[in-house]
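Please read the structure below before turning to the comments.
The values are calculated or read from the model by the stated rules, or taken from the named source; none is laboratory data. Given the structure is predicted, the values throughout are model-derived calculations rather than measurements. Note that each Cβ is placed from the backbone with ideal geometry, even for glycine, and that neighbours are counted across all protein chains shown.
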Amino acid sequence: MRRTFVLMYALVFLDEVALLGLVPLLPGYTRVYDLSTAEAGALLSAAPLAIVVASIPAGRLSDGLGARRVTLAAGGLIVVSTAGMAAANGFAALFAARAAFGLASGTIWSAGLAWIGDSAPAHRRSAALGTVITTAGVGGMAGPVFCGYLADNVGRGAPWAVLSGATVLVVLALLVANPGRSVAHEHLPLRLVADKMRREPLLAGAIAIMLLGGVGDGIANLIAPLQLSDNGLTEGRIGLWFSAGAALFIVVSALTTRMGERAVSLRAAALFAALQAAVLVPVLLSSETAVVVFMVLARFAVAALPYTIGYPLAAVGSARLGLGTGTVNGLLGLLWGIGGFAAPPVAGVIADAVGDRAAYALLVGFCLVMAGWLLRSAQRGAMPAAAPAS
């Protein structure tokens with residue numbers, strides 16, 4: 001299974017490159033298409049909106065038809081959607097291609113993670129799923145600088161064309177790789193699954209982590225690049241700073257994964273959610289380039305631990321309740337997508353009407369609310385003790 005896991009991590013990597021690669025290109029698209037901040041937020045929200053649509057159906061299909069089949073279909077859609085982004089010659093075409101990419105991305109994070117979780121040995125499941133987040137961090141590091149550089153030196157369609165071709169190779173390799181293990185899961189009504197998730201402390205914590213990630217990424221990835229562009233930075237330099245932040249994400253995520261079950265803690269997630277609020281304080285006071293760059297770098301670092309432990313928390317919580325991992329991952333993807341979809345246009349409207357600092361203030365408050373949610377979840381239940389190594 002090692003080769004299959006490596007290929008799945010490669011697919012997640014390419015997905016994340018495409019997801020975050022839009023961030024440094026956003027100011028350029030805003031100028032070319034004469035977009036308002038709210039319209040730019042809508043473009044940034046296209047993929048999260050599609051993730052909202054795709055996550056639950058993809059998770060249900062994964063539990064019913066098999067995670068491998070659904071994941072491979074999603075890989076094919078990434079090929080088509082990134083090719084569409086490369087060929088897009090207007091806002092509407094780009095928005096549509098970006099939305100199609102979001103459908104594929106939501107499916108990979110539902111079905112693909114279920115494929116990994118079902119195929120990994122029980123004692124390695126947390127590490128296998130945690131490695132997904134570390135890999136996504138690598139993609140997040142490469143995406144902005146890669147797409148920004150190609151946009152500056154070749155053209156805005158170039159990075160999407162390269163990503164489309166690379167995804168073809170990964171999907172073809174997955175087709176002939178070890179199919180892994182398929183686990184049958186009972187199909188419970190979604191309302192019952194959602195109610196069980198809300199009542200199970202580990203799953204409630206995973207819900208808070210996904211909401212925090214979606215809203216936080218949506219606001220910071222909209223406002224910060226536009227501020228840096230206004231301060232005179234090119235798309236390539238904006239991408240470089242976001243890639244540097246993603247490098248910090250990788251380091252913290254890798255350390256978290258290395259700690260194994262010891263790091264999968266709701267209290268630690270609550271602490272790091274509060275730290276996300278703290279690193280936003282400087283941009284409430286100044287929009288100077290150095291201040292915005294500090295916020296970008298620091299936020300990547302403190303967001304890494306909650307993101308890394310979110311899916312391991314969900315895997316353990318799902319096992320406690322006997323729920324299908326595809327459905328649970330789908331619901332978590334839905335919540336992340338809702339946050340990522342709703343936050344950019346709302347923040348854009350607030351920034352247009354009141355100012356960037358008001359949008360950041362909204363995010364500070366949300367971080368603190370999620371920190372409180374995680375702390376309450378920690379008080380209701382804890383991770384079971386890890387089994388001693390044999």
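One table, with the values for the structure above:
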read-out: Candidates ALA269, ALA273, ALA278, filtered to the one that is surrounded by 17 or more Cβ atoms within 10 Å (Cβ to Cβ) and more than 21 Å from ALA127 (Cα to Cα); value: ALA273
read-out: Residue in the range 11-37 that is nearest to the chain's Cα centre (by Cα), counting only those that are surrounded by fewer than 19 Cβ atoms within 10 Å (Cβ to Cβ) and of a type outside the set (Ser, Thr, Tyr); value: GLY28
read-out: Residues (of a type in the set (Gly, Ala, Ser), within 17 Å of SER55 (Cβ to Cβ) and either at pLDDT below 75 or touching a strand residue (DSSP E or B) at 6+ places or on another chain (Cβ under 9 Å) (or both)) located in the range 166-221; value: ALA194
read-out: All positions within the range 23-42 that are touching an Asp or Glu at 6+ places or on another chain (Cβ under 7 Å) and either within 19 Å of PHE242 (Cβ to Cβ) or at pLDDT 85 or above (or both); value: PRO24, LEU25, PRO27, GLY28, THR37
read-out: Pairs, first in contact (Cβ under 8 Å) with a residue 60 or more places away in the chain and crowded, with 24+ Cβ neighbours inside 10 Å in the range 106-132, second among the basic types (Lys, Arg) and part of a helix (DSSP H, G or I), C-beta under 8 Å, six or more apart; value: TRP115/ARG68; GLY117/ARG125
read-out: Helices (runs of 4 or more DSSP H) contained entirely in the range 250-333, each with at least 1 residues that are under 21 Å from the mean Cα position of the chain (by Cα) and not charged (D, E, K, R); value: 266-278, 289-321
read-out: Qualifying residue in the range 149-160 (condition: over 18 Å from GLY84 (Cα atoms) and either surrounded by 20 or more Cβ atoms within 10 Å (Cβ to Cβ) or of a type in the set (Phe, Trp, Tyr) (or both)); value: yes
read-out: Considering residues of the range 11-40 that are among the charged types (D, E, K, R) and touching a helix residue (DSSP H, G or I) at 6+ places or on another chain (Cβ under 6 Å) only, the residue farthest from LEU169 (Cα to Cα); value: GLU16
read-out: Failed item in (1) more than 30 Å from ASN231 (Cα to Cα); (2) surrounded by fewer than 24 Cβ atoms within 10 Å (Cβ to Cβ); (3) among the small types (Gly, Ala, Ser), with GLY333 passing the rest; value: (2)
read-out: Matching entry among GLY213, GLY180, GLY205, GLY155 (being within 23 Å of GLY59 (Cα to Cα), part of a loop (DSSP other than H, G, I, E, B) and either touching a residue at least 60 places away in the same chain (Cβ under 8 Å) or not aliphatic (A, V, I, L, M) (or both)); value: GLY180
read-out: Flag if ASP34 is closer than 30 Å to VAL354 by Cβ and among the acidic types (Asp, Glu); value: yes
read-out: Helices (runs of 4 or more DSSP H) within the range 42-150 that include 2 or more residues of a type in the set (A, V, I, L, M, F, W, C) and under 18 Å from GLY28 (Cβ atoms); value: 67-87, 91-107
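Residue by residue, here is whether (1) under 27 Å from ARG156 (Cα atoms); (2) basic (Lys, Arg) holds:
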{"position": "ALA246", "(1), (2)": "yes, no"}
{"position": "MET259", "(1), (2)": "no, no"}
{"position": "ARG267", "(1), (2)": "no, yes"}
{"position": "ALA273", "(1), (2)": "no, no"}
{"position": "THR289", "(1), (2)": "yes, no"}
{"position": "LEU305", "(1), (2)": "no, no"}
